[in-house]
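**Student:** Quick one: structure below, then a few questions.
Every number here is computed from the coordinates shown, using simple stated rules; none is lab data. Source: prediction; values computed, not measured. Using ideal geometry, Cβ is built from the backbone for each residue, glycine included, and neighbour counts are taken over all protein chains shown.
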Amino acid sequence: MFKVKKPCNNCPFLKNSPMFLDEDRLPEIVEHLDNNGLFHCHKTINYKKQIDTETNEMIKESKQNQFCAGAITYLEKQNRPNAPLQVAQRVGWYDPEDYLKNKDKVIDSLEERSIW
Ligand code: SF4
């Protein structure tokens, strides 16, 4: 879950990210994270096996799924990791410092993304 430690080049949490998202999408992702949700790296999800194609909901977790590094960095930068991150840190699966190395590349607030 914590193998991807660096946001990728088109991470939606990057300053100047080239990724286009609907206006509401990033706030929705952050709300989900704030409600202790996980945000998996889309590159690691097996869409055929894990996503219900009718509802678009995750129906099955997999060990291969990785937590999005950009999302983690965004939360850690604001010093508000959600409950899954806090638990993972306590059991030693996860070290915020791995992610904070890239903190300067990641937005400080959602407003930064809404200006382009
Ligand atoms: S979901 Fe994966 S590929 Fe996309 S930004 Fe996050 S870590 Fe990078």
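**Student:** Note down the nm distance, to one decimal, between modelled labels 7 Å out along Cα→Cβ at ASP34 and at ASN56.
**Tutor:** Simple spin-label model gives 2.1 nm for this pair.
**Student:** A further question on this structure: Out of residues 5 or more away from HIS40 or on other chains, whose amide H comes under 5 Å of its own, with H placed 1.01 Å from N in the peptide plane?
**Tutor:** CYS68
**Student:** Same structure, new question: Please list, in order along region 84-99, the HN-Hα scalar couplings obtained from phi with the Karplus expression 6.51 cos²θ - 1.76 cosθ + 1.60 (θ = phi - 60°), rounded to whole Hz, x for Gly and Pro.
**Tutor:** Running phi through 6.51 cos²θ - 1.76 cosθ + 1.60 with θ = phi - 60° gives x, 5, 5, 5, 4, 5, 4, 8, x, 8, 8, 10, x, 4, 4, 8 Hz.
**Student:** So if I take the centroid of the Cα atoms in region 33-105 and the same for region 1-26, what is the distance between those two points in Å?
**Tutor:** After rounding, the separation between the Cα centres reads 12 Å.
**Student:** Now, a different point. Kirkwood hydrodynamic radius, computed over distinct alpha-carbon pairs, for the chain: how many Å, to one decimal?
**Tutor:** 14.7 Å is the Kirkwood radius here.
**Student:** Along the Cα→Cβ direction, 7 angstrom out, place labels at LEU21 and ARG90. What is the inter-label distance in nm?
**Tutor:** It is 2.8 nm.
**Student:** Mind listing the long-range amide H neighbours of ILE51? Cut-off is under 5 Å, sequence gap 5 or more, other chains count too, H placed in the peptide plane at 1.01 Å from N.
**Tutor:** Long-range HN contacts for ILE51: ILE59.
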